[in-house]
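Only one structure is covered here, and it is reproduced in the block below.
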Amino acid sequence: DGKIIDVLLRRKILDKNIELSSSSQYQLNIIDNQAYPLLETIRELINECDEFYISVAFLMTSGIKGIKMELNNANQKNIPAKIIVGNMNNFSDPKAIKELSQFNNIDIRLNMEGNLHTKGYFFRKNNIWTIIIGSSNLTQAALKTNKEWNMIINSTENGKLVENTIKSFTNLWEKSEKLNNVFETYENTYRQEQA
């Protein structure tokens, strides 16, 4: 039905069971930090979601500081979260990793392959996913002031893009290490690099 498809497109809610041209299915909005900081979007989404996933190459304490209140609220509401952090160039701050691990609702893993360069934020509310993919790591500059391009899409859980992206996150999650197994090694390497 043309009206239903039109409503879905205007709301950016897509479903793989609805036949649309590929250009319609993958029209995404660009969030430019100069026009609208990604930080504000992430704050809103953490406050509203039923669960969230994050995968970033770089994590800094400054990035956590910007969303600390929202993370505390999610922890109090026991909103489940999974976060994957990369070890590329030993850039991610162990203090930030340790700080995230203090939240009871967050399961955090380190990807030790050395080439993780993802920047993805996934938020589910009921059966609707909001996915942000782009260039912003979990640092204050990337979320607030840098010239970054991040694309956002809303989709039902039946959306092809959601299905493929969540599958990719899950595969990466399974290849990443539980924090207890590798944190001490990573922290020592980080300190040696900083010396």
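Screening K16, K3 for residues that are modelled with pLDDT of 55 or more and either exposed (fewer than 13 other Cβ atoms within 10 Å of the Cβ) or not polar (S, T, N, Q) (or both) leaves exactly one candidate, K16. Just checking, does the stretch 86-104 include any residue being farther than 20 Å from Q194 by Cβ, at pLDDT 95 or above and of a type in the set (K, R)? Looking through the stretch 86-104, none of the residues is farther than 20 Å from Q194 by Cβ, at pLDDT 95 or above and of a type in the set (K, R).
Taking residues in the stretch 66-92 that are over 15 Å from Q102 (Cβ atoms) and in contact (Cβ under 8 Å) with a residue 24 or more places away in the chain, and partners anywhere that are of a type in the set (D, E) and part of a strand (DSSP E or B), the pairs with Cβ atoms closer than 8 Å and at least 6 places apart or on different chains are I79/E51; P80/E51; P80/D107; K82/D107. Sort out which residues of the stretch 170-188 are in contact (Cβ under 8 Å) with a residue 12 or more places away in the chain and open to solvent by 50 Å² or more (accessible area, probe 1.4 Å), and write them in order of number. Matches in the stretch 170-188: K175, E177, K178. Does K167 satisfy the condition of being open to solvent by 20 Å² or more (accessible area, probe 1.4 Å) and touching a strand residue (DSSP E or B) at 6+ places or on another chain (Cβ under 9 Å)? Against the criterion (open to solvent by 20 Å² or more (accessible area, probe 1.4 Å) and touching a strand residue (DSSP E or B) at 6+ places or on another chain (Cβ under 9 Å)), K167 does not qualify. Could we say that N158 is modelled with pLDDT of 95 or more, out of contact with any strand residue (DSSP E or B) (no Cβ under 6 Å at 6 or more places or on another chain), open to solvent by 20 Å² or more (accessible area, probe 1.4 Å) and in a loop (DSSP other than H, G, I, E, B) here? Judged against the criteria, N158 is not a match.
The values are calculated or read from the model by the stated rules, or taken from the named source; none is laboratory data. Every value quoted in this text rests on a predicted model; they were computed, and no experiment measured them. Positions of Cβ are backbone-derived with ideal geometry, glycine not excepted, and every protein chain shown enters the neighbour counts. Keep in mind that these areas ignore ligands, DNA and RNA; they rest on the heavy atoms of the full protein, side chains included. Shrake-Rupley method; radii C 1.70, N 1.55, O 1.52, S 1.80 Å.
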